[in-house]
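One structure below.
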Amino acid sequence: MTQTLEPDTGAAPVEQSASSRPATDGTDAQARADAWLADFNAALDARDVDAVTGLFGTESFWRDLVALTWNITTAEGRDGIGDLLAATLDQAAPQAFEFTEPVTETDGVIEGWVAFETEVGRGKGHLRLKADDDGQLRGWTLLTTLREFKGHEEGLGERRPQGVEHQLAPGRKSWLERKQEEEATLGREQQPYVVVIGGGQGGIALGARLRQLGVPHVVLDKHDRPGDQWRGRYKSLCLHDPVWYDHLPYLQFPANWPVFAPKDKIGDWLEMYTRVMEVPYWSKSTVRSATYDESSQTWRVVVDRDGEQIVLEPKHLVFATGMSGKPNLPDFPGMDVFSGEQQHSSQHPGPEAYEGKKVVVIGSNNSAHDICGALWEHGADVTMVQRSSTHIVKSATLMDIGLGDLYSERALAGGVTTEKADMIFASLPYRIMHEFQIPLYERMKERDKDFYDRLEAVGFQHDWGDDGSGLFMKYLRRGSGYYIDVGAADLVCDGKVKLAHGQVDHLTESSVILDDGTELPADLVVYATGYGSMNGWVADIIDQATADKVGKVWGLGSDTTKDPGPWEGEQRNMWKPTQQEALWFHGGNLHQSRHYSLYLALQLKARYEGIPTPVYRLQEVHHTS
């Protein structure tokens, strides 16, 4: 069935970028950077792979978002960069790299923004240079991103559509008539090139991108209206990320939008956005099945659209069901005999009906804390069962230390736009990102020492991630294990929300029994037990063989808790080609939906226009679920 998941509210703290700080000696730094870039261009033009790799340091990274590789991948070290170039240089023909603004230098690292061209498109990027072991200035990190195709540019700015034909003619159709005709024929006389399953923020953002690129598509969602994925959640839910981090493509939130948007306000915005951006959106639509015909290279997608069965035949299928898969509903002994209510956190209707009731919430991450807090506010007797340690960071601290230099009014005042912040963030290779995160969380730990002492005093099991790198690395690696505190943790500290520890052994007719024998009387049990991999939806809609062929979705292969190795270097299967031809995954939080929807849309556009797309380093499969 078509599914849109629990809204993802995980924030992403990042390092303060040197590009937002003044250079120590701008003139000298610019001259040295110009010389390096001239040598880089000359080596590229000569197709001299050895010369290019010689310009990079012993520790170096080239992260490419579609521009050269038709993939999202990071080459590590000179050997990795050499391999990438040997496979892509002749076909991609990257050239004409130039700085688009003066470089900066801080602590021996020179940073600069670049523009460049390839055989088929134009790109933007970010470069960091620093002295190598031998003292020579060499490349440390390079980000290259495809932004548009030559001859297939979006209708923006001077290329914007007229909106009307200023020439009278019999039978001339209005904008509304053309729109109504498109809606009437879509999926019947006219087949979409792309079908997007899931109409939350991810599907809508991708739909807006595809619309601007002229790729015929339809976004499918089971709910009655766009935004119902948010409206249907418990009434106190708000975004945990600040407004500057959460803009959608093309249309930013207004200047008076609240820092933390309430769920219903987000729902209304998504509905408005879908209409304004003219996203072809089918509500009340459930996908019953999907099969791929290798001979015709076409999907057959069976849709129940408000009681009518429609068969769509797209060339590409995108699962835009968030960053997670199906809800993990545990199978504890006694669940069948428990006489009260039981629900997964994604099904929790809100706290209003549970005043005076005893509620046991299994879990201690974001959803568990939010639900416990809302229930307490409505007079419920709430117990949180912590089964494993959780990382908590206070919202105000995270906004200041973790996000303030990139996503805030402070950042905007310093010239860091949302697009520039996204690029700075993307320019940090995942291999070394934790090194930039650890000092931030050390500062947070010190600032909020009294808060963490209180947590420890009540026995809350707290951690800072496997390597001390905190919330965002947990988000990237496993998509769970954290809470951004907006008040519920204080309830735990104060004993207003009771805290229990251990694994659930079984349920009785009226209680939850833990493995140490603790009995927790309950009228309601909420399972805040997370989600599986997104390929679980593939198993349900397509088949298990295809789900296994694609493999696990999300994670970096960091070999940390719930993120098994080997090292991937990028998010598994997200926004890029998979082992199943013409099957894609899109989602994440609002920031990721905004940023990566561009690169997925460009990959689909290239295939629609018949542009050759030889994929470098197709995603390997190491884990099937």
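A few notes on this one:
- For the chain, with +1 on Lys and Arg beta carbons and -1 on Asp and Glu, the positive-most of Ser511, Pro280, Gln580 along the dipole: Pro280
- Note that segment 343-462, at 25 °C in a medium of 0.890 mPa s, gets a Stokes-Einstein diffusion coefficient of 143 µm²/s from its Kirkwood radius over C-alpha pairs.
- Along the axis of the charge dipole computed for the chain (Cβ charges of +1 for Lys and Arg, -1 for Asp and Glu, origin at the Cα centre), the listed residues Ala184, Tyr292, Val361 are led at the positive end by Ala184.
- Comparing Ser533, Tyr616, Pro226 along the charge dipole axis of the chain, the residue lying farthest to the positive side is Pro226, per the Cβ-charge model.
- Backbone geometry of segment 418-434 corresponds, through the Karplus equation with coefficients 6.51, -1.76 and 1.60 at θ = phi - 60°, to 3J(HN,Hα) couplings of 4, 4, 5, 4, 4, 6, 4, 4, 5, 6, 8, x, 4, 4, 10, 4, 4 Hz, x marking Gly and Pro.
- Other residues whose C-beta falls under 13 angstrom from the C-beta of Trp140 contribute a net charge of -2, scoring Lys and Arg +1 and Asp and Glu -1.
- Mean-position separation - Cα centroids, segment 61-80 and segment 269-292, in angstrom: 33 Å
- Segment 239-289: Cα Rg divided by the 2.2 N^0.38 Å rule of thumb: 1.35
- Environment charge at Ala539 (Cβ cut-off 10 Å; Lys +1, Arg +1, Asp -1, Glu -1): -2
- When the alpha carbon coordinates of segment 91-164 are projected onto the principal axes, the ranges are 61, 29, 14 Å, largest first.
- Here Arg178 sits with roughly 100 square angstrom of accessible surface, probe radius 1.4 Å.
- Across the chain, Cα-Cα pairs farther apart than 31 Å form 54% of the total.
- Each Lys and Arg Cβ is given +1 and each Asp and Glu Cβ -1; about its Cα centre, segment 61-217 then shows a dipole of about 800 debye.
- In units of the compact-protein estimate 2.2 N^0.38 Å, segment 147-280 shows a Cα radius of gyration of 1.21.
- Once C-alpha pairs closer than 8 Å and six or more residues apart are averaged by separation and normalised to the residue number of the chain, the relative contact order reads 18 percent.
- Area accessible to solvent at Thr100, 1.4 Å probe radius, in Å²: 80 Å²
- 222 nm mean residue ellipticity, helices alone, for the chain (DSSP H n ≥ 4; -39,500 (n - 2.57); rounded to 500): -9000 deg cm²/dmol
- Assigned charges on the beta-carbon of Lys, Arg, Asp, Glu; the chain dipole about Cα centre (debye): 1420 debye
- Label-point separation, Leu168 to Glu119 (7 Å along Cα→Cβ), nm: 5.2 nm
- At q = 0.11, 0.16, 0.17, 0.20 Å⁻¹, base-10 log of I(q)/I(0) for segment 401-509 (Debye sum, equal scatterers on each alpha carbon): -0.49, -0.90, -0.98, -1.19
- When only alpha carbons are used to place a centre, segment 85-136 and segment 408-427 end up 19 Å from one another.
- Rounded to the nearest 20 debye, the dipole magnitude of segment 264-320 is 40 debye, with +1 charges on Lys and Arg beta carbons, -1 on Asp and Glu beta carbons, and the Cα centre as origin.
- Cα-based equivalent ellipsoid, segment 20-100: semi-axes from gyration tensor eigenvalues, Å: 23, 15, 13
- Counting only protein heavy atoms and using a 1.4 Å probe, the accessible area of Ser289 comes to about 40 Å².
- Taken over the C-alpha atoms, segment 256-397 has Rg and Dmax values of 20.7, 61 angstrom.
- Relative to its residue count, segment 119-200 spans a Cα convex hull of 226 Å³ per residue.
- Sparse-neighbour loop sites [GluC sites (Glu not before Pro); segment 512-613; at most 12 other C-beta within 10 Å; DSSP]: Glu581
- Reported to the nearest whole Å, the Cα centre-to-centre distance from segment 302-334 to segment 177-249 is 15.
The values are calculated or read from the model by the stated rules, or taken from the named source; none is laboratory data. Just so it is clear, the model here is predicted, and its values are computed rather than measured. For neighbour counting, all protein chains shown are included, and Cβ atoms are generated from backbone atoms with ideal geometry for every residue, glycine included. The accessibility values were calculated without ligands, DNA or RNA, using every heavy atom of the protein model including side chains. Shrake-Rupley method; radii C 1.70, N 1.55, O 1.52, S 1.80 Å.
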